[in-house]
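Colleague: For reference, the structure I am asking about is given below.
The values are calculated or read from the model by the stated rules, or taken from the named source; none is laboratory data. Values in this document were obtained by computation on a predicted structure and should not be read as measured data. Cβ sites come from the backbone with ideal geometry, for glycine too, and all protein chains shown count toward neighbours. Heads up: the accessible areas ignore ligands, DNA and RNA and are worked out on the full protein's heavy atoms, side chains in. Shrake-Rupley method; radii C 1.70, N 1.55, O 1.52, S 1.80 Å.
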Amino acid sequence: MKKTDTEQQETSVLEEKQAPDSNTEGTLDKELQELDKESKQEEAYYEERRKERHQRNLQRKKRQMRNRNLALIVTVLILLGGAGYFWGDQIGLKDGVETLVTRAKALIPEKKEDTETAEATATPVPEKESEEQNETEDSKETTDPADSAESEDSKEAENPDDSGNADDEEADSEENKTADPTVTQAPVKAEADFMPQAAAAGAGFIHRQVRHEKKVLTTAKNKAAQYDYDGAIKLLKNDNAYQYNVHFQNAAKKYKKEKDNCVAWSPEQVTHIFYHSLIVDTSKAFDGDYKQDGYNQVMTTMDEFNKITQIMYEEGYVMVNLYDLAGLDDDGNMKAKTVYLPEGKTPFVLSQDDVCYYHSQDGDGIATKLVVDEDGKVRNEYVQDDGSTVVGDYDVVPLIDRFVEAHPDFAYHGHKGIVALTGYNGILGYRTDISYQTRPDDLNDDKLAWLNAHPDFDLETERAGAKKVADAMKKEGWTFASHTWGHKNMSTVSMERLQTDTTNYKENVDPLIGGTDIIIFAFGADINNGGVYTGDEKFNYLKSQGYDYYCNVDSNKYFVQITDEYFRMGRRNVDGYRMYYNPDLLADLFDASEVFDSSRPTPVPPMNGG
């Protein structure tokens, strides 16, 4: 059997830093109430804007129709006046121009009638209808409402006949209505067609713009909730609506103030904890076989993990990743970064080793694979007692994903944990290694048994499945690291074996995860005992292969080493061994007595027989 990690551990610990006060449940409720109140205020604000815009559109249409009607009347007066002056007797206008003027006055609508007509026209424009007419346009690019208003005015100026002459028709006398029905009925129909369509188009635009602005505000709020204040402010200021939307402006000011009040954390102040695969069913893991002691030492039960996560969240801990702590500058030199969090929040790094779901773990109450469900969420497959497979949340990745969905402020900028992978049994529960296809002479019994049970095995199908999961995980904020292809102890392995192992990883794992520049040493065994890597042959090779971040296991609260060439960090195991023998080393994170699973066999076996 290939045993899971049994990390080398030290018992020294640095002076503990008191965790800041945590948010209380009452404070969270108050914040949620304030957010709900803000949302209702936003809706009221947008509704008021829609009504004002609608009224302005109606008033503008009314003025344009009156002006066009008056222009038409004046033109008719000029033409008929000229005809009456020269041919009055012949066409029967004995009183000449005076009669024409008298009759023409009847065509000019009274001011009061204009108002009544406009109000009557405005009545039949239902908002719901306009929303339905424009539903398919919601995804189009939106612009500033002020620019849209200018655009609509210019269109109307180019097409003056679209609006009709309904105002004139309501003001006409009975004589004029019956004199020439073809002249009067056409404008009425034109207006009846134009006004609902114009109002619907305007309302549709307002609806799309409101939805866009609310989406931007919501996205900015989510970014700020995860302490990405710069991202939230940039999103708001880069939107056209920022120039006139007071909510955008106030939100940007609020996020700037929150950022200014944050506390700065250097990498040397950040702790790093890690887990292995979680035990779902303790009766299967602790069943008395030869694997029980290893599980009891280095693994954590799902119940313990959920309790620890909740406690750390309540204590104000926030996940960050290694790239938040340090990065390469333009010259390729590693430089420290600063994490900014509100007072009362504490950054930490989370990682999980051996997320491969080894054959040796089958039937031991541990998940068997990571999958992407129909909603695009990463979940686990788990085999039940009756042999059936169910999909759910049974390991670190999906459990953290669900926790962050409910508590977005647990993830700094949306960043989650680091997943360390070997490759000899494939990754993420998929049998992606080339050995499953080539079947070399030294293929172990576990692989042979699995291949015999899966005669339809196809390497490319397995690799496609693993890549799909890896892509979904990266999208959700997860980072990948090498745990060496063959789970090798890098402190004792030969250079030749190290190079072969690295080549296997580059060929079989990197293409599926998009490559990685992080190596988390198997067994926690570093390539040296704590001194700088400079001049180390193994380091020089790993650096030449693109590795810039290195993590061991030392169980100290803090260990960070940064040079121009690399970033190095110690990790703390959160497992049965540490909780049973050294609960004081975890006291800054949680009280082990409140977490320790009573179903664990005790005493937990000591490491290395000691």
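Colleague: How many Å³ per residue does the convex hull of the Cα positions in region 197-279 occupy?
Modeller: Measuring per residue, one finds 149 Å³ for the Cα hull of region 197-279.
Colleague: Further question on the same structure: For region 420-513, rounded, prolate or oblate, judged on the Cα gyration tensor with a ≥ b ≥ c (square roots of eigenvalues), a/c < 1.5 rounded, else prolate if a/b > b/c?
Modeller: It is oblate, given that a/c is not under 1.5 and a/b is not larger than b/c.
Colleague: Going by average Cβ density within 10 Å per residue, which order do the peptides 54-67, 523-536 take, highest to lowest?
Modeller: Details: 54-67: 16.9, 523-536: 15.1.
Highest mean packing first, the order is 54-67, 523-536.
Colleague: If you stretched the chain out fully between Lys237 and Leu79, how much longer would it get, using 0.36 nm times the residue separation minus the C-alpha to C-alpha distance?
Modeller: 51.2 nm
Colleague: To continue, here is another question. Which whole-number value in Å³ per residue fits the convex hull of the alpha carbons of region 250-399? Spell out each step's value before the answer.
Modeller: Values: hull volume 27.7 nm³, N = 150.
Cα convex hull per residue, to the nearest whole number: 184 Å³.
Colleague: Out of all Cα-Cα pairs in region 373-488, roughly what percent, to the nearest whole number, are more than 16 Å apart? If you can, show how the numbers build up before the last one.
Modeller: Numbers: 4513 of 6670 pairs.
Cα-Cα pairs in region 373-488 separated by more than 16 Å: 68 percent.
Colleague: Return the subset of Lys369/Lys488; Lys234/Lys474; Lys337/Lys557; Lys291/Lys468; Lys237/Lys416; Lys488/Lys543 for which the Cα-Cα distance in this structure is over 25 Å, preserving the input order.
Modeller: Details: Lys369/Lys488 23 Å; Lys234/Lys474 23 Å; Lys337/Lys557 19 Å; Lys291/Lys468 32 Å; Lys237/Lys416 27 Å; Lys488/Lys543 17 Å.
In this structure, Lys291/Lys468; Lys237/Lys416 lie more than 25 Å apart at Cα.
Colleague: Which value does Rg/Rh take for region 465-546 over its C-alpha atoms, Rh per Kirkwood? Please report the intermediate quantities before stating the final value.
Modeller: Values: Rg = 13.6 Å, Rh = 13.6 Å.
Radius of gyration relative to Kirkwood radius: 1.00.
Colleague: Same structure again: Among rounded, prolate and oblate, which fits region 526-600 when a ≥ b ≥ c are the square roots of the eigenvalues of its C-alpha gyration tensor, a/c under 1.5 means rounded, and a/b larger than b/c means prolate?
Modeller: Working: a/c = 3.46, a/b = 2.83, b/c = 1.22.
Prolate, because a/c is 1.5 or more and a/b exceeds b/c.
Colleague: Ignoring everything but the protein chains, give the 1.4 Å probe accessible area of Glu43 in square angstrom, nearest 10.
Modeller: The value for Glu43 is about 90 Å².
Colleague: For the pair Asn306/Ala587, report the inter-label distance in nm, with labels modelled 7 Å from Cα in the Cβ direction.
Modeller: 2.9
Colleague: Taking square-rooted eigenvalues a ≥ b ≥ c of the alpha carbon gyration tensor, is region 439-483 rounded, prolate or oblate, where a/c under 1.5 means rounded and, failing that, a/b exceeding b/c means prolate? Walk me through the numbers on the way to the answer.
Modeller: Values: a/c = 3.44, a/b = 1.97, b/c = 1.74.
Verdict is prolate for region 439-483.
Colleague: Rg/Rh for region 454-597: what does it come to with C-alpha atoms and Rh from Kirkwood? List each step's numbers first, then the result.
Modeller: Values: Rg = 17.8 Å, Rh = 17.3 Å.
That ratio is 1.03, to two decimals.
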